[in-house]
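Report on one structure; see the data block that follows.
The values are calculated or read from the model by the stated rules, or taken from the named source; none is laboratory data. The structure presented is a predicted model; accordingly, all values stated were derived computationally and were not measured. When we count neighbours, we look across all protein chains shown, and the Cβ atoms used for this are built from the backbone with ideal geometry, even at glycine. Just so you know, the surface numbers come from the protein's heavy atoms only, side chains and all, with ligands and any DNA or RNA stripped out. Shrake-Rupley method; radii C 1.70, N 1.55, O 1.52, S 1.80 Å.
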Amino acid sequence: MRVAPKNRRTGVRASVVARKRSKDRGAKGTQGGEYVKKRPAEEPPSTVPETATLGGEVRARWGWTEPSVWTERMLTTLEKGVKGGKWYSLIDKVYARANLKAAAEKVIANRGGGGIDHQKVEVFSDRKAEEVERLAKELATGSYQPREILRQYIPKPGSREKRPLGIPTLRDRTTQGALRNVLEPIFERDFAEHSYGFRPGRGCRDALRRVDALLRAGHRYVVDVDLKSYFDTIPHEGLLQQVEAKVSDGRVLDLIESYLKQRVLEGMTAWTPEAGTPQGAVISPLLSNIYLDPLDHLMEEQGYEMTRYADDAVIQCESLEEAETALSTVREWTARAGLQLHPEKTKIVNAAQAGGFDFLGYHFERGKKWPRRKSLKKLREILRQGTKRNNGHSLAAIIARLNPQLRGWFGYFKHSNRHTFQDVDGWVRGRLRSILRRRFRKRGRGRGRDHQRWPNAFFAAQGLYSLEAAYRAVCQPPK
């Protein structure tokens, strides 16, 4: 893949063929209600021979794609590689009614809240056909305008800090979903093997398995990479250049830019972001992966074992010298890319010694792993809500609400050290004993004789899910 010269503004190297921009094209997106200015006329689209066929294997590999967009002929082209490496004439696939309908159905299924227009999912669902038709016409004629994003803050798990969340309207989420249906396979085809975040058929468990395997293989020196406020600092121009490396449809590029330039409404204040892509937008995870993909390939080409999930990454090395060189390489790349490493959280650790490192909810240290402190704190905060001492529900009802939460948590953390499960089980039973003690008109937490009055076997008989018992059944099968 040919590497283009560094961009003048960001210094990021990208495999791009520069596209000539029209002189009248502004960089203001949709500010002030103005439609994004048109990019130059597109070149004729690459064609697929009428004789092109697709075997079952190709369809199976791309089974997650939206079938109304990615037909057999398009998937064949995707597999073989489009002529010139760039895709043209994609906007008609974005506003295809079948694609918009599929995107709308996903938005409805996710049951999220409304944006600044306060439209509820139920209302949007009832009007789905009309909304799809309206969006299709607006996108086809170029009159579509994304609305402002509603900024809200949600608690960070296990922390007093809050994370900014941008909430587009349901209509905009639908359009972004349709756009993602078109773009995702184009970039997914060439994404690095060891990137796992927000990708089809991949997830946290895959990333954790890789990290665990590398630790067992002796890669114990770990560069813990923390990108400071990554989603809020992605340079727009550099990101658009990365997209333009594979997409030459000017109207699609304008649509992406309009989302990057969407005004943000927070309380009575509104502004237009100069960088970043809002967390909460449907298209944001894909765009964030696109911008970090060059880093993934750079580390891979230089022989480093990096595992990345969205903006969380670790680089595992066999020696301290290798880890220091890897960190220096990342520092140089992020500086050119207009990103910043967190000065305190980015560090090199020896996982074979005390201290270890955290990754995707787990803590790794001296050959063992267990839930990191914030993960345990988050679990207790959730369980605490259903086990208050003045809880008026029956014990059976309380346990029925706790069990799915415990079962789901175990499903993710089942590979932890077994002592973790003993501690959580004991804490949950203690909360339940306090509820029962209160019902006998006694104050304080469950203690002393309460353990004889309501022993562990009592709660097991009531059907309480035991993490320790689940661990023994799943992770320590009888020989």
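Taking into account only those residues within the stretch 383-396 that are in contact with a helix residue (DSSP H, G or I) (Cβ under 6 Å, 6 or more places away or on another chain) and either β-branched (V, I, T) or open to solvent by 60 Å² or more (accessible area, probe 1.4 Å) (or both), which is modelled with the lowest pLDDT?
R389
Listed residues R447, R441; which is basic (K, R) and on the phi < 0 side of the Ramachandran plot?
R447
In the stretch 344-373, what residues are touching a strand residue (DSSP E or B) at 6+ places or on another chain (Cβ under 9 Å) and either open to solvent by 80 Å² or more (accessible area, probe 1.4 Å) or closer than 15 Å to T233 by Cβ (or both)?
The answer is E344, K345, T346, K347, Q353, R373.
All but one of (1) touching a Pro at 6+ places or on another chain (Cβ under 7 Å); (2) modelled with pLDDT under 50; (3) in a helix (DSSP H, G or I) hold for S22; which doesn't?
(3)
Check K101 against each of (1) surrounded by 15 or more Cβ atoms within 10 Å (Cβ to Cβ); (2) modelled with pLDDT of 95 or more; (3) closer than 25 Å to P273 by Cα and name the one condition it does not meet.
Going through (1) surrounded by 15 or more Cβ atoms within 10 Å (Cβ to Cβ); (2) modelled with pLDDT of 95 or more; (3) closer than 25 Å to P273 by Cα one by one, K101 breaks only (3).
Suppose we filter F421, F410, F459 for residues that are assigned to a helix (DSSP H, G or I), of a type outside the set (V, I, T) and touching a Lys or Arg at 6+ places or on another chain (Cβ under 6 Å); which single one remains?
F459
Just the residues that are open to solvent by 60 Å² or more (accessible area, probe 1.4 Å) and part of a helix (DSSP H, G or I), please, taken from the stretch 136-178.
Selection gives K137, T141.
Between a first residue in the stretch 317-343 that is in contact (Cβ under 8 Å) with a residue 24 or more places away in the chain and a second residue that is open to solvent by less than 20 Å² (accessible area, probe 1.4 Å) and of a type in the set (F, W, Y), which pairs have beta carbons less than 8 Å apart while being 6 or more apart in sequence or on different chains?
Taking only residues 6 or more apart or on different chains, the pairs are A337/Y291; L339/Y230.
Where residues in the stretch 408-432 are basic (K, R) and more than 19 Å from L208 (Cβ to Cβ), which of them is least open to solvent (accessible area, probe 1.4 Å)?
Checked the stretch 408-432; the qualifying residue least open to solvent (accessible area, probe 1.4 Å) is R429.
State whether the residues of the stretch 82-94 include one that is of a type in the set (D, E) and either open to solvent by less than 40 Å² (accessible area, probe 1.4 Å) or over 22 Å from the mean Cα position of the chain (by Cα) (or both).
yes
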